[in-house]
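Everything below concerns the one structure shown next.
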Amino acid sequence: KAQRQQLMRQTACAYAIAEEESPASTAPTGVPVLHWSAVLAQCTDRCLPPAGVTADQPWLYVSGSGSTGQPKVIPITHRQEWARTRSAAAGLPYEADDIVYPMLGMGFSSAKRRSLEAWCCGCAIYLAKAAPLALSDLVLQKRISVIHTTVFHTESLLAQLPPATEGWLQNAKALFLGASLVSHHLRLRIQKQLTPRLYVRYGANETGTIS
C-alpha cells in the first residue's frame, strides 16, 4: 500500500481507477478513486476523445530499486513496449487460430503483455475468469489453446488434482509458466500431470526470455 501511494505521488497521478472492492485508502490523500462501474456507466462511442499521446510517452511505469536500494520510477514508452512485444511474439509458438488465456488478472502488467503478444500474432484472448478445474474442459472445447500462469496458480491447481492424474491438459498447445523460480521437481510434476508442452519464462517482467 505504501509503495503504491508513493508511486502515484511520484507520477503525479490525477485519478485512480479501481475494482469495486478496492478501498479508497489505496490512493494518496487528494487523489480521487473512480470505480470501473462508474467509468463504464458513462462510456459511449463519443464520450472518450483520443488520448493525444505520442509513441514516446509512457505506457507503463515500473517501480523498482535495482542496485541502488532507493525507490525509483522507470517509464516504459509505447514505442519501447511495441518493439518488445513484436520481438517476443516472433519466438512464440502461436498460430492465428490460437486462443490465449492469461490466468493473472488484467490488473497485472504481465497479463497485459501476454495479451499484446497474442494480438500481435493475430490470436484471440480468453478474458473470462475460469475456475482452475474448468481448464481441462475449456481446452477440450477448443475455447482455450494456450495458458499463461504462475508457479502459485500451478501449485494450487496440482494440489486439487488426484495424485495419479496424468496429462490433464495434454490437449493444450502450450503452458507458459513464470513469475517465480520453477524447481526441477515442479517441472516434472507439470510434464506428467498436466502437459509436456511446458515453456518457462524467466524474468517475464524484465527480459521475457523463454526456455
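Selection of first residues in the stretch 95-119 that are at negative phi and charged (D, E, K, R) and of second residues that are open to solvent by 20 Å² or more (accessible area, probe 1.4 Å) and assigned to a helix (DSSP H, G or I), restricted to Cβ pairs under 9 Å at least 6 apart or on distinct chains, gives the following pairs, ordered by first then second residue: Arg113/Arg84; Arg113/Ala88; Glu117/Arg86; Glu117/Ala88.
Listed conditions (1) under 30 Å from Arg9 (Cα atoms); (2) out of contact with any strand residue (DSSP E or B) (no Cβ under 9 Å at 6 or more places or on another chain); (3) not small (Gly, Ala, Ser) are all met by Asp137, apart from (1).
Is it the case, given these coordinates, that Ala88 is hydrophobic (A, V, I, L, M, F, W, C) and at pLDDT below 75? Working first, answer last.
Numbers: hydrophobic (A, V, I, L, M, F, W, C): yes; at pLDDT below 75: no.
No; evaluated as a whole, the condition is false for this residue.
Which residues, counting only those in the stretch 15-36, are open to solvent by 60 Å² or more (accessible area, probe 1.4 Å), modelled with pLDDT under 65 and in a loop (DSSP other than H, G, I, E, B)?
First pass over the stretch 15-36, keeping only residues open to solvent by 60 Å² or more (accessible area, probe 1.4 Å): 15, 17, 19-21, 23-24, 29-30, 34, 36.
Narrowing further to those that are modelled with pLDDT under 65: 20-21, 23-24.
Glu20, Glu21, Pro23, listed by residue number.
Ala118: among the small types (Gly, Ala, Ser) and over 16 Å from the mean Cα position of the chain (by Cα), yes or no? No; evaluated as a whole, the condition is false for this residue. Give the residue that is farthest from the chain's Cα centre (by Cα), with candidates limited to residues of the stretch 87-115 that are under 23 Å from Gln141 (Cα atoms) and hydroxyl-bearing (Ser, Thr, Tyr). Result: Tyr94.
The values are calculated or read from the model by the stated rules, or taken from the named source; none is laboratory data. The structure presented is a predicted model; accordingly, all values stated were derived computationally and were not measured. Methodologically, a virtual Cβ is constructed for each residue, glycine included, from the backbone with ideal geometry; neighbour enumeration extends over all protein chains shown. In case anyone asks, the SASA skips ligands and DNA or RNA and just uses the protein heavy atoms, side chains included. Shrake-Rupley method; radii C 1.70, N 1.55, O 1.52, S 1.80 Å.
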